[in-house]
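Participant: Take this structure, written in structure tokens, and hold onto it; I'll ask about it next.
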Amino acid sequence: MFIRDRHEDLSTMGITIIWDHQVPVGLRLPVARRVEMILGMPVSNADAAALINGYHPERSQYDAAAILERVLLMKNRAGCTGPVLLIVTHDLFVGGCDFVFGLARPQTGCAVISTARLDNRFYGRPEDFNDLADRAAKEGSHELGHLFGLEHCTDRECVMFKPATLAELDRKKMALCPDCRRRLGKHST
């Protein structure tokens, strides 16, 4: 289950971003506004009201697929029918990958991203709030794009380009390319 910042009808809402309690509260509004700008859809924020599972002590990471199971449970219990994105601070992996920035399951309408590798401090760089907010919005919009039926894009500046590194993520613009924008319009109507 999750708790909304405002009392709203869950069946008519656009995108819901659920925030793990460890994510700095100051990121909520800037990230939500950037996601709204990128995808052109309303976003509401909610608090995660359940513990996140999937921790693997041998890797010191969380299994993103296991987290998505919990997100689906929270979504169903709350009666939410729209897409849901969970944002956590835990470093994520899936399958044979060393790490992932995020993961989406279009068939359930659930996605998760982690701020761990989006934060300059992970790389020994000075903390930068705007870098973190921009990266979280781009990665969150990317995973949400999958929930709306968008595939990976070959345009390196498009939000739907699949970055393998932080530099590739930073190269992306805070926008969909014209082709992905057109495809999104077809899926959201």
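The values are calculated or read from the model by the stated rules, or taken from the named source; none is laboratory data. Quick caveat: nothing in here was measured; it's all calculated off a predicted structure. Ideal geometry is used to build each Cβ from the backbone, glycine not excepted, and the neighbour counts take in all protein chains shown. Surface accessibility is based on the protein's heavy atoms, side chains included, excluding ligands, DNA and RNA. Shrake-Rupley method; radii C 1.70, N 1.55, O 1.52, S 1.80 Å.
Participant: Find out how many positive minus negative residues lie around Arg121, taking Lys and Arg as positive, Asp and Glu as negative, among other residues whose Cβ is under 15 Å from that of Arg121. Each step should come with its number before you reach the end.
Facilitator: Numbers: positive: Arg117, Arg125, Arg135; negative: Asp91, Asp119, Glu127, Asp128, Asp131.
Net local charge, Arg121 excluded: -2.
Participant: Turning to a different aspect of this structure: Not counting the cut sites, what is the longest span of the chain without GluC sites (Glu not before Pro) that DSSP labels loop and that have at most 15 other Cβ atoms within 10 Å?
Facilitator: 59-126
Participant: Select one label from [x] 0.95; [y] 1.04; [z] 0.93: the one whose number is Rg/Rh (Cα atoms, Kirkwood Rh) as derived from the coordinates shown.
Facilitator: Comparing each candidate, only [z] matches the computed number.
Participant: Let me ask another. Which trypsin sites (Lys or Arg not before Pro) from the stretch 92-189 combine a DSSP loop assignment with at most 16 other Cβ atoms within 10 Å? If you can, show how the numbers build up before the last one.
Facilitator: Values: sites: Arg117, Arg121, Arg135, Lys138, Arg156, Arg171, Lys172, Lys173, Arg181, Arg182, Arg183, Lys186; in loops: Arg156, Lys172, Lys173.
The qualifying sites are Arg156, Lys173.
Participant: Moving to a separate point now. Which of the trypsin sites (Lys or Arg not before Pro) across the stretch 42-89 are loop residues per DSSP, with 15 or fewer other Cβ within 10 Å?
Facilitator: Working: sites: Arg59, Arg70, Lys75, Arg77; in loops: Arg59.
Hits after loop and neighbour filter: Arg59.
Participant: What does the accessible area per residue of the chain come to in Å², with a 1.4 Å probe and no ligands, DNA or RNA counted? All intermediate terms of the calculation are to be shown ahead of the outcome.
Facilitator: On the way: 8970 Å² over 189 residues.
Accessible area per residue, the chain: 47 Å².
Participant: Let me ask you something else. Find out how many positive minus negative residues lie around His146, taking Lys and Arg as positive, Asp and Glu as negative, among other residues whose Cβ is under 11 Å from that of His146.
Facilitator: Numbers: positive: Arg105, Lys162; negative: Glu143, Glu151.
Counting the neighbours of His146, the net charge comes to 0.
Participant: While we're looking at this one, here's another question. Straight-line reach from Lys173: which lysines fall under 21 Å, measuring Cα to Cα and dropping same-chain residues less than 8 apart?
Facilitator: In chain and number order, the partners are Lys138, Lys162.
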